[in-house]
Ligand code: URA
């Protein structure tokens, strides 16, 4: 088989078969097919697309490119969730222990942040001693005994995606539904869980601009799940504003702790309860969404959810005192309150700008090798739909170096004001 023929076939809009896709992925991982040829194929896929069969073949070829986790030693149904990434998205920190407190088994592998979205692993590492790299055996033992572990992705899980994503990132070939769907699903399937809940985000700061596009991506991922006989469900959620109020690693852990104590922001709490209810149905612990939601809300207020988080942190070597007293978490040297110089209703927010600001403050990475600062970020005091007067606080920037005028400018520019009140958009657009 010649790779050039596959490029030309896709360029002309024809379907690639399973054998051809396997040849591509195996050759790319082995280094026998060069980056420049794969880049050409990726660009052809951007323009010509891939059908459901091709997308599944690509997912399988990628999934089989490295280790596949065997979770069969963990008793019960193993549930997993995945968010397509957002600014301030700390749901995994809350959801894992929350559903585990009702008996679900959560074996979660999470990523590090890159660009304007933060990573769960970076957030957890702001807890002193928390080990995101426990052995596979300890990971399995921990989930079996306490119900939840959140770790970083193991070294050899879907190496094809690592290589392919790095190439997509620098060749303008990220925004393709089959490429995104296969990238996400290959990792989820290789992580070994029985069920997957997808939180597919749309809007400013998300991969999909509109809920309609998010729906198409969601359907592509559910189709892969059906072919692989996994229970895959999804929520489609709004990312036109950050989730919760805190953005930055330790700040987000603090907000997750507040949420697990029943004192979190309404949007984050709502998403965790709605997503948690679906996961409990998938785990066959509940068969009614309303009853599952009510049980989850109870766990947030009766101390069970936070206790499970503390249990997980302790099991992974983290300092439980920082969870009992979040003021002990890393904090920045300076806090600067940013005041509005306009009056009006916040009609929209530029989530990407805020994500970018968090990154330049040091909370995220511009390149993979950057080291994140756990303490920095910001906390919003106003969000879309709120009224602000001149002099009202829009939020507080937590920084370790001298504040730059650019940062203040970027923060203020993220708020778009209007004279008219606006209707708040519901956080959850659809459930599949
Ligand atoms: N997240 C992934 O893991 N892969 C993509 O291609 C896009 C988002």
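The values are calculated or read from the model by the stated rules, or taken from the named source; none is laboratory data. Quick caveat, the model's predicted, so the values are computed rather than measured. In this analysis, Cβ positions are derived from the backbone assuming ideal geometry, glycine residues included, and neighbour counts consider all displayed protein chains.
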Residue 366 being buried (at least 21 other Cβ atoms within 10 Å of the Cβ) and at pLDDT below 95: no
Residue 336 vs. criteria under 20 Å from the mean Cα position of the chain (by Cα) and touching a residue at least 60 places away in the same chain (Cβ under 8 Å): no
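For every residue, the table says whether it meets (1) surrounded by fewer than 21 Cβ atoms within 10 Å (Cβ to Cβ); (2) within 12 Å of the ligand (Cβ to nearest atom); (3) at negative phi.
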site: 106; (1), (2), (3): no, no, yes
site: 111; (1), (2), (3): yes, yes, yes
site: 124; (1), (2), (3): no, no, yes
site: 153; (1), (2), (3): yes, yes, yes
site: 170; (1), (2), (3): yes, no, yes
site: 175; (1), (2), (3): yes, yes, yes
site: 178; (1), (2), (3): no, yes, yes
site: 203; (1), (2), (3): no, no, no
Scan of the stretch 130-174 for residues that are within 17 Å of the chain's Cα centre (by Cα) and outside any loop (DSSP other than H, G, I, E, B), ordered by number: 149, 150, 151, 152, 161, 162, 165
Conditions (1) within 21 Å of residue 130 (Cβ to Cβ); (2) in a loop (DSSP other than H, G, I, E, B): number failed by residue 287: (1)
For residue 95: the one exception among (1) away from the ligand (no atom under 16 Å from the Cβ); (2) buried (at least 24 other Cβ atoms within 10 Å of the Cβ); (3) modelled with pLDDT of 95 or more; (4) farther than 26 Å from residue 145 by Cα: (4)
Residue match in the stretch 17-29 (condition: more than 29 Å from the chain's Cα centre (by Cα) and more than 19 Å from residue 182 (Cα to Cα)): no
Matching option when the condition is surrounded by fewer than 24 Cβ atoms within 10 Å (Cβ to Cβ) and in contact with a helix residue (DSSP H, G or I) (Cβ under 9 Å, 6 or more places away or on another chain), among 216, 196, 222: 216
Matching entry among 11, 2 (being in contact with a helix residue (DSSP H, G or I) (Cβ under 6 Å, 6 or more places away or on another chain) and farther than 20 Å from residue 185 by Cβ): 11
Residue ID - surrounded by the fewest Cβ atoms within 10 Å (Cβ to Cβ), chosen from residues in the stretch 298-316 that are without any contact (Cβ under 8 Å) to a residue 60 or more places away in the chain and in contact with a helix residue (DSSP H, G or I) (Cβ under 6 Å, 6 or more places away or on another chain): 314
Filter result (in a helix (DSSP H, G or I) and under 14 Å from residue 157 (Cα atoms)) within the stretch 39-79: 59, 60, 61, 62, 63
